[in-house]
Amino acid sequence: MPTPTNISVRTSNSTRPVLDLLLPGFERATGRTVTLILDTAKNSLARIKAGERADAAVLLGTSIDELCALGICAKDSAQPFSRSTIGIGVLKGAPKPDISTVAAFKQTLLNAKSIAHTVHGPSGAYFPGLIERLGIASAVKPKTVTRPGGYIGVVVTAGEAEMAFQQICELLAVPGIEVVGPIPEAIQYNFDSSAAIFSEAKNPAAARELLRYFARAEHAATFAAAGLKQL
């Protein structure tokens, strides 16, 4: 009997939590092993464009579109994966600030002692422009604590920042962090992710089976548990 195929998937930190929940069921059902190749969204795209490959990718939809346009991923394999929104996280048990309106969110940032965000992650890249639009950049920027990428909530649990600004799915992945909620709709930014198969995939048939598994409607609750909406 042939050995079940191993499938490699390139993905970023925002989709890792839901993949960690989804993959065990797929592996049990198929006997296959799925290996995740992780990096920040920006670095993942750069590494792929520099020549690194896998069987499939789960990345921002704009990245998948670009990879398909370049012929690196098969256009006919691309499919929607998830939608993520930005939120604020604080240390579990700490008072939850008011972020229910744009005015309240703005005041919360002004009142905060420190705010953590990433540099290379998509939500972190959104933050500097957001505080500029709100007219509070000069007051807030000196209070920011940044890291290149990863789950920024760890900066809060380490006591190095009062609150974290990141995609809710990434905040939920950090033990000891409590999500205050999403930022107001008027300033919210949705991050839609897609999945696709690499044109040079070693195991395209197995990868396609995996993508079909991701799309099952029965997984909607699993996506929600990870702070995402299934697309």
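Answer yes if at least one residue in the range 180-189 is touching a Lys or Arg at 6+ places or on another chain (Cβ under 8 Å) and more than 23 Å from R16 (Cα to Cα), and no otherwise. Checking the range 180-189: at least one residue is touching a Lys or Arg at 6+ places or on another chain (Cβ under 8 Å) and more than 23 Å from R16 (Cα to Cα).
Within the range 200-209, is even one residue basic (K, R) and free of Cβ contacts under 8 Å to residues at least 40 places away in the same chain?
Checking the range 200-209: not a single residue is basic (K, R) and free of Cβ contacts under 8 Å to residues at least 40 places away in the same chain.
Looking at the range 1-106, the strands (runs of 3 or more DSSP E) lying wholly inside it that each contain 1 or more residues that are polar (S, T, N, Q) and not assigned by TED's automatic domain parsing to the domain that holds K141 sit at 6-12, 33-39, 79-84.
Here T35 does not qualify as of a type in the set (S, T, Y), within 22 Å of E200 (Cα to Cα), modelled with pLDDT under 95 and out of contact with any helix residue (DSSP H, G or I) (no Cβ under 8 Å at 6 or more places or on another chain). Picking from residues in the range 186-231 that are charged (D, E, K, R) and under 13 Å from the mean Cα position of the chain (by Cα), the one that is nearest to A41 (Cα to Cα) is D192.
Okay, residues lined up against (1) surrounded by 15 or more Cβ atoms within 10 Å (Cβ to Cβ); (2) closer than 16 Å to G149 by Cβ; (3) in contact (Cβ under 8 Å) with a residue 12 or more places away in the chain:
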site	(1), (2), (3)
S12	yes, yes, yes
P17	yes, yes, yes
T40	yes, yes, yes
L45	yes, yes, yes
E52	no, no, yes
L60	yes, yes, yes
A69	no, no, no
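Comparison of T144, T157, T101, T108 shows that the only residue that is touching a His at 6+ places or on another chain (Cβ under 8 Å), at pLDDT 95 or above and not hydrophobic (A, V, I, L, M, F, W, C) is T144.
Scanning the range 107-116 for residues that are farther than 17 Å from V179 by Cα and in a helix (DSSP H, G or I) yields Q107, L110, N111. Among the residues in the range 127-138, are any of a type in the set (G, A, S) and at positive phi? There is at least one residue in the range 127-138 that is of a type in the set (G, A, S) and at positive phi.
Every condition in (1) modelled with pLDDT of 95 or more; (2) out of contact with any His (no Cβ under 6 Å at 6 or more places or on another chain); (3) crowded, with 17+ Cβ neighbours inside 10 Å is met by F165 except one, and the failing one is (2).
The values are calculated or read from the model by the stated rules, or taken from the named source; none is laboratory data. Quick caveat: nothing in here was measured; it's all calculated off a predicted structure. As a convention, Cβ positions derive from the backbone with ideal geometry for all residues, glycine included, and neighbour counts pool all protein chains shown.
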